[in-house]
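Working notes, structure below.
Derivation of every value follows stated rules applied to the coordinates shown; laboratory data play no part. A quick note: this is a predicted structure, and the numbers were derived from the prediction, not measured. Neighbour counts are summed over all protein chains in view; Cβ atoms, including those assigned to glycine, are modelled from backbone coordinates with ideal geometry.
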Amino acid sequence: MKTRFLIGTMLLGLLCGLFLAGCGESRTPYAGNYRSMEPYAGKGHVELELKENGEANWKLADSGKTIKFKWRVENGRLWFYTKEGAIIHLTPSEGGKLLSADMTGQWHPSCPKDKCITFQRVPGGGS
Amino acid sequence: MTEPNNQSDKLKLEQVGKEVTIPRGVCVVRQGDPPVHFYVVTSGKLKVFRETHDGIRTDLTELGPGDYFGEVALITGKPRTASVEAAEESVLLEIGKEEFDSVLDQNPRLARQIIHSLAQWLVDGDQRLEKETVHQVKLRQISWFDYLLILGLSLVLGLVFNIYNDNQIPLVYSVHTAAGVEAIPLDKAKELFKDNQAVFVDARKANFYEKEHIKGSLNLPLLFFDLQYPMFQFTLDQKQVPKDMPLVVYGGTTSRRFDIELANLLEGKNQRKIYILAGDYKGWKTAFPLEEHKVKEMPAMPLGMSGYIEWIPVGIFILILIPPVRRSPYLSAVCRLILGIIFVDFALSKIMRPAVFALNVVEYGMMPAWGVNLWALVLPWGELVAGLFLILGIRTRAAATIIGGMNIIFIIGLVNAIFQGLPITCGCVGEAGEPVNWWKVLKNTGMLVMALQIFFYDRLFVLDRGGFIWRERKI
């Protein structure tokens, strides 16, 4: 009986561990407002708002149109999910002051220069 | 191994034997040993058991004061048929073979009693054998209900979870028609191309575009339309493309017509004349000059624990070379645990965001468009349910069959992707950064072998059919 209880507890613990492992890391360090360092597509800067609840807004200043994402943190990288299921990876640097967005939609160890948008943290936002 | 019921017989035995004290845990006789003594239990408790060469122990009975054992081997002259171990400190009356034979010669009543007991033991043995055979047959039985249970549960859970999931996707992806977009026949499009009278736009993801595209075409991936449309416009302006020059959209797959959807979105922008390439979605590959690039090997993203666990099934190829290990039910139990953990892990990485997995399915280009979302919704739940069934020992043969079936599908998909040189990620356990290569095929083959091992040899630590009862090997 004790053995069964032990095995049951171990299995339950294992499953809980697997579930928790899928929950990702805290978003708090990266939540806030960001602005692209360079103008995008000749139409002004991109403003990026990362909320702690996992929502993100991407706004191209001149067009006024806001694109919504969901985001999470894994292994120190930010994962943006589009509604269609595509993923954009953002790599933080300088303690989270800069974010490099890989616009290829693929994962690369470093952000490809010609398809990379670098964002700089600006005050405000995040909640 | 029975109980004498006559006080005078007992007295006779006691006259010839000598008392021995056996400490707890000590084996009095061992299965296979030559017969030397007959024993009568004076006090204490002993366990009788048999053990196979690969270590499977079957507890037969327990003996207490007044019971005796060792008579079978003495009468037949053959090695001990079972082992007897003291469950607590016990005092036994030890009688040698010659003394035992002379007691039987002088005491026909005791001899009859022993014959009666042996006959009863044989009858009981037959009944136990029948019960165990029925049990084993039931255990190996596999019915359609088992499959229906696992597949039905997966379907119901997948569909119900999708209703409450924030990242909900439609059950069936509706193939859009290019409403209001004019389809342009290949020959006419070729004329426009030849005269440089149109801009060709590839709607697929950047990695597919890089591998192969119509010479001079631009890439505007449907999946990043909102994000990349401003840059697309900027590029057209930079290239000084006349405002009245039409766009010809191409690039679909069996699983999703990116071209049709992109054409609709561009039409909605109402800025240029939009055409969609008519006919077969891959007709452009033979009709136009192409720019081709060798597919770069996808960079691998560290997958952490999941990445390491995935390697374990490769070890099965060594284990199955050792025949006793290959057939061991203990190996089945280990395979069940490993395979169960892997498939639960696979499932958890896909369940929350079915749209991401659906795109992975699309990239393999093997699933018809109507089936992509259903597959993306149900498969992860199938992995989870079958994985949990394996871990918990429920309907393990059916669960192993389903997991083996999934492995076959995965292997076919992976081999097809490798031979076609598709620039895709596996979508097996991670959402990104999982290269498709022969290692993945080997890992999946290892899992398939594990599933087969479970199917043929699993019989320990299972919850039995007909009720969730832990199956003990006591007969």
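Does B:T235 satisfy being surrounded by fewer than 24 Cβ atoms within 10 Å (Cβ to Cβ) and under 45 Å from the mean Cα position of the chain (by Cα)? No; evaluated as a whole, the condition is false for this residue. All but one of (1) away from chain A (no Cβ under 14 Å); (2) farther than 27 Å from B:W144 by Cβ hold for B:A398, so report the exception by its number. For B:A398, the failing item is (2). Checking each residue in the range B:276-304 for being within 24 Å of B:L222 (Cβ to Cβ), basic (K, R), away from chain A (no Cβ under 14 Å) and in a loop (DSSP other than H, G, I, E, B) picks out only B:K282.
What's the total number of residues in the range B:210-245 that are outside any helix (DSSP H, G or I) and of a type outside the set (K, R)? Outline the logic, then answer.
First, the residues of the range B:210-245 that are outside any helix (DSSP H, G or I): B:212-221, B:239-245.
Restricting the remaining residues to those that are of a type outside the set (K, R) gives B:212-214, B:216-221, B:240-242, B:244-245.
The number of residues fulfilling the criteria is 14.
Among strands (runs of 3 or more DSSP E) entirely within the range A:70-124, having at least 3 residues that are within 13 Å of chain B (Cβ to nearest Cβ) singles out A:77-81, A:87-93.
Scanning the range B:261-291 for residues that are of a type in the set (F, W, Y) and without any contact (Cβ under 8 Å) to a residue 40 or more places away in the chain turns up just one, B:Y281. Only residues that are crowded, with 24+ Cβ neighbours inside 10 Å, within 11 Å of chain A (Cβ to nearest Cβ) and either more than 20 Å from B:V314 (Cβ to Cβ) or aliphatic (A, V, I, L, M) (or both): list them for the range B:324-348, please. B:I342 - this is the single residue of the range B:324-348 that is crowded, with 24+ Cβ neighbours inside 10 Å, within 11 Å of chain A (Cβ to nearest Cβ) and either more than 20 Å from B:V314 (Cβ to Cβ) or aliphatic (A, V, I, L, M) (or both). Taking the conditions (1) out of contact with any strand residue (DSSP E or B) (no Cβ under 9 Å at 6 or more places or on another chain); (2) in contact (Cβ under 8 Å) with a residue 40 or more places away in the chain; (3) within 12 Å of another protein chain (Cβ to nearest Cβ); (4) surrounded by fewer than 16 Cβ atoms within 10 Å (Cβ to Cβ) in turn, B:Y229 satisfies each one other than (4).
For the range A:62-69, does any single residue satisfy the condition of being of a type in the set (V, I, T) and under 30 Å from B:L171 (Cβ atoms)? Looking for residues that are of a type in the set (V, I, T) and under 30 Å from B:L171 (Cβ atoms), one finds at least one in the range A:62-69, hence yes. One residue stands out in the range A:31-58 among those that are in contact with a Ser or Thr (Cβ under 9 Å, 6 or more places away or on another chain) and within 10 Å of chain B (Cβ to nearest Cβ): the one that is nearest to B:F232 (Cα to Cα), namely A:A41. Quick check on the range A:59-69: of everything there that is more than 7 Å from chain B (Cβ to nearest Cβ) and assigned to a strand (DSSP E or B), which residue is surrounded by the most Cβ atoms within 10 Å (Cβ to Cβ)? The qualifying residue surrounded by the most Cβ atoms within 10 Å (Cβ to Cβ) is A:F69.
Name the residue that is surrounded by the most Cβ atoms within 10 Å (Cβ to Cβ), counting only residues in the range B:349-371 that are of a type in the set (V, I, T) and out of contact with any strand residue (DSSP E or B) (no Cβ under 7 Å at 6 or more places or on another chain).
Start the filter on the range B:349-371 by keeping residues that are of a type in the set (V, I, T), which leaves B:351, B:356, B:361-362.
Cutting the leftovers down to out of contact with any strand residue (DSSP E or B) (no Cβ under 7 Å at 6 or more places or on another chain) gives us B:351, B:361-362.
Values: B:I351: 22, B:V361: 22, B:V362: 25.
Across the range B:349-371, the extreme among qualifying residues is B:V362.
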